[in-house]
Amino acid sequence: MSLRRVNVAVLVLLAVAFLIIVQRNLLNLNDFLRSENPDAVPGMILPFESEFSPELRPDLVRTGEKIPVVITAAEERLGAVVAAMNSVYQNSKSNIVFNIVTMNDTVDHLKVWMTKTQLNNVKHTIIIFEPQLLNGKITKNPQKLDSVKPLTFARFYMPVFIPDAEKAIYLDDDIIVQGDIQELFDTSLKSGHAAAFSDDCDSASAKGIVRGAGNQNNYIGFLDFKKDAIKKLGMRANTCSFNPGVIVANLTEWKRQNITNQLEHWMELNAQEDLYSKTLAESITTPPLLIVFYKHHSSIDPMWHVRHLGATGAGNRYSPQFVKAAKLLHWNGHYKPWSRTSSFTEVWDKWYIQDPMRKFHPVRKHAD
């Protein structure tokens, strides 16, 4: 037998011996674990294995960096807020703190919902929004006042509500989060940018996934470019607009640039000069954001803001497989999953928690 064959044979024998030793050690470890856990049964998941099992989701001890999430809670949409928060909380192991901005007349109802349901372990603060903040900043036209919802402007005041936070996420209430919110929080903002948004024009990557996802919107759909104040800004009317229903904000930069003051300036000027487009539909908070953040904002991953689920034809636009893969779903549009019939209501239903006070009832158009 040649020396080479002898070496190969020796290596094979060593490998077999090594595998026998490993097997015996594993058997010994198994016996030890059973002695330490006499109640264990075949297939039982041991405590240190839980992080590898998506099926086992006990209430987690959430430590580490705080993730401030700002969300508004209007009385008539309280069930939406609860579903949104539940989806965020259950799909993340992070140390989430919800900053719930609401009105005085909603506080008691909200507190019951937060304490009498499975949300009782969720870290949160309740912030009262003072409508006086909007004095002189919104139109006095009685025909338009009905469409003005004070809480829609809460996103403008994030640094006021959470002054110690350096970074935060703002979420509309008509969303469901299916991914780990830590990913969204880790969105990288370019130097000098105070916020990241999702552009309404499809990005190249999004077009490959969703063909024609949502409406193609631009600045001329929100602002009246015939007005001198808008003309002087030198903005291009065909610039792609963005959706402020999800915002990742660098609040340190926000305060440094006095973003809130800038937004208030344009709100006041609009109240005096009517700067918004006449075709504008239910989005009076968007125009001042478009002006202040014109070509000066970062972008959010398209999968972290899949929009227009509340628009007509959403069920044909998105496949069930794509909706399942999306990290964040947004029912912006007329058709909300808790009211009139809309697409993919079963996704929203999964996260809804019934109102312990029985005031809020999801309404389905097809319901008896």
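Observations on the structure shown:
- Subtracting the Cα-Cα distance of VAL112 and LYS226 from their residue separation scaled by 0.36 nm leaves 36.1 nm.
- In order along segment 319-329, phi translates into HN-Hα couplings of 7, x, 5, 5, 4, 5, 7, 5, 7, 9, 10 Hz, rounded to whole numbers, per the Karplus curve 6.51 cos²θ - 1.76 cosθ + 1.60 with θ = phi - 60° and x for Gly and Pro.
- Computed with every protein chain present, the accessible area of ASP301 is close to 80 Å² [probe 1.4 Å].
- Probing with 1.4 Å while keeping every protein chain in the model, the per residue accessible area of segment 247-328 equals 44 Å².
- Here the accessible area is traced with a 1.4 Å probe on the protein chains. For segment 287-334, carbon and sulfur cover 54 percent of it.
- Estimated vicinal HN-Hα couplings, Hz - segment 232-237 in sequence order (Karplus 6.51, -1.76, 1.60; Gly, Pro = x): 5, 6, x, 7, 7, 5
- Taking amide H atoms as placed 1.01 Å from N in the peptide plane, the amide H of ILE96 lies under 5 Å from those of ILE67, each 5 or more residues away in sequence or on another chain.
- Gyration tensor verdict on segment 255-327 (Cα atoms; rounded if a/c is under 1.5, prolate if a/b is larger than b/c, oblate otherwise): oblate
- Pairs exceeding 28 Å between alpha-carbon atoms, taken from LYS66/LYS116; LYS255/LYS359; LYS111/LYS350; LYS226/LYS336; LYS93/LYS116: LYS255/LYS359; LYS226/LYS336.
- Element breakdown for segment 61-154 at a 1.4 angstrom probe: carbon and sulfur atoms account for 51% of the accessible area.
- Taking amide hydrogens as placed 1.01 Å from N in the peptide plane, the amide H of CYS201 sits under 5 Å from those of ASN217, SER241, each at least 5 positions away in sequence or on another chain.
- For segment 270-368, a Kirkwood hydrodynamic radius built from all Cα pairs, placed in the Stokes-Einstein relation at 37 °C and 0.692 mPa s, yields a translational diffusion coefficient of 202 µm²/s.
The values are calculated or read from the model by the stated rules, or taken from the named source; none is laboratory data. The structure presented is a predicted model; accordingly, all values stated were derived computationally and were not measured. For accessibility, only protein heavy atoms count, side chains too; no ligands or nucleic acids. Shrake-Rupley method; radii C 1.70, N 1.55, O 1.52, S 1.80 Å.
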